[in-house]
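One structure is given here, and the rest of the page talks about it.
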Amino acid sequence: MNERVPWQGWRDKGDNAGLPAARGPGSRRPFGATWWGRAWLDALEHRARLDPNRLARGRSYARRGSVLELTVTPGAVEAVVQGSRTTPYQVTVRVQAFSASEWDAVLDVVSAQIGRVAALLDGELPPEVVEDVRAAGLDLLPGAGEIRTNCNCPDFAVPCKHSAAVCYVITDALDNDPFELLLLRGRSKDELLAALRARRGTSETAAVVKAAPPGIPARIAYQARIGVLPVAPRPLRTARVPAAVQALDPPRASGIDVRDLIALATDAAQRAWELASGDGVPELTFDQDLARRAAGVGTAELAELAHRSGVPARQLTSWAAAWRLGGPGGLAATLESPSNPDSEAFAEAAALLPKAVVEGNRVTAGKLQLRLGSDGLWYRFDQHFGDWTLSRPPSPYPQDLLGSE
């Protein structure tokens, strides 16, 4: 059977009875009691790096028992979360399940030593199992690019506080039973044990090593006509982004610094990994690509990037902040001139700010300014040394951008 019976709240009496109960609104109990539970949280926090404030709210929801139902199935977790409204929200957290051939590789690793099966039955996930599975080109523990959340609430953030709450409760489920992690990857506990018993009951067959196909000269390969390009493969399931690449020293006459070559190649590998993971922006303008690169470097590198691009460092710093907090939409809100949308859209925003001045799509009060982007989201800008700089992630509601963090 592929599905688990859903459990109700924190005090379920079934398979999840071992999950810790929340101790009221003031509870500060930690999450991630095991190393694999903490690895799940690390991936969640990396996923939410643009808006970590949602994680704090999600922890509060999880601690006070707002996750009413939760069902773990192959590749997905379905949950019901009680928010501030009367009707609960429906949340789905998805993780890519392994294929049949990938599961064969996992079973090879688990069945290599009988002690590994015993450890799993005792509620432990041996690190060497994860390491050996990774050596086979897979990752049992989902990386940041793999955790996909969806909630029917109006919050645009990924994850929103309801999805974050579910992810924290999933941590408890993983801590309580490592087989839940394997179920997320596509196989239930009973299926795994049956497959392992079947392997022990049959003799090992010698592996047939196929000869490598003959190669062709590079000259012929480059002369070949390019037809329909294949679909880009999904990256290996790993929480680690590509490491810095290595390059041979270019000829001195080329005028190319090997450090610049490495930086560009590493950035290209990073961008390709993000695009394959579904996290990147497919097509970038010059300004967007410059802001993206500036958002990922330190002060010294940003200054050098500004010098080489011909963009003032002060301006590029503002672009980098806009990209980190709002991506393409944040940069657009920073660069675009005031527009003239429907004035009714500004009635609520203007009422929130005393002595507000409305100019086009901007509502200004002192050193605080709200801008309605072309994407329909509100962006908050604060004035520092005469420059308006994006200071928070966007929101569909202007009131979310006011008050202290």
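Summary of computed values
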{"quantity": "Helices (runs of 4 or more DSSP H) wholly inside the stretch 245-364 containing at least 3 residues that are modelled with pLDDT of 85 or more and open to solvent by 40 Å² or more (accessible area, probe 1.4 Å)", "calculated": "286-295, 313-335"}
{"quantity": "Residue satisfying all of: in the stretch 382-396; at pLDDT 85 or above and part of a loop (DSSP other than H, G, I, E, B); least open to solvent (accessible area, probe 1.4 Å) among these", "calculated": "Pro394"}
{"quantity": "Filter result (closer than 17 Å to Leu41 by Cα and either open to solvent by 10 Å² or more (accessible area, probe 1.4 Å) or within 19 Å of the chain's Cα centre (by Cα) (or both)) within the stretch 120-146", "calculated": "Pro127, Asp139, Leu140, Leu141, Pro142, Gly143, Ala144, Gly145, Glu146"}
{"quantity": "Some residue of the stretch 324-334 being more than 18 Å from Gln399 (Cβ to Cβ), in contact with a strand residue (DSSP E or B) (Cβ under 6 Å, 6 or more places away or on another chain) and without any contact (Cβ under 8 Å) to a residue 12 or more places away in the chain", "calculated": "no"}
{"quantity": "Scope the stretch 130-154; condition under 19 Å from Gly32 (Cα atoms) and in a helix (DSSP H, G or I); matching residues", "calculated": "Val130"}
{"quantity": "Number of the condition not met by Val158 [criteria: (1) closer than 24 Å to Gly32 by Cβ; (2) assigned to a loop (DSSP other than H, G, I, E, B); (3) touching a Gly at 6+ places or on another chain (Cβ under 8 Å)]", "calculated": "(3)"}
{"quantity": "Qualifying residue in the stretch 48-66 (condition: touching a strand residue (DSSP E or B) at 6+ places or on another chain (Cβ under 6 Å) and either assigned to a helix (DSSP H, G or I) or not acidic (Asp, Glu) (or both))", "calculated": "yes"}
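Results for (1) open to solvent by 20 Å² or more (accessible area, probe 1.4 Å); (2) free of Cβ contacts under 8 Å to residues at least 12 places away in the same chain; (3) not basic (Lys, Arg), shown as yes or no for each residue.
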{"site": "Gly75", "(1), (2), (3)": "no, no, yes"}
{"site": "Thr86", "(1), (2), (3)": "yes, yes, yes"}
{"site": "Arg94", "(1), (2), (3)": "yes, no, no"}
{"site": "Ala100", "(1), (2), (3)": "yes, yes, yes"}
{"site": "Val106", "(1), (2), (3)": "no, no, yes"}
{"site": "Ser111", "(1), (2), (3)": "yes, no, yes"}
{"site": "Ala118", "(1), (2), (3)": "yes, yes, yes"}
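The values are calculated or read from the model by the stated rules, or taken from the named source; none is laboratory data. From a predicted model like this one, the values you see are computed outputs, not experimental measurements. For neighbour counting, all protein chains shown are included, and Cβ atoms are generated from backbone atoms with ideal geometry for every residue, glycine included. Note: accessible area is taken over every heavy atom of the protein model, side chains too, but ligands, DNA and RNA are not part of it. Shrake-Rupley method; radii C 1.70, N 1.55, O 1.52, S 1.80 Å.
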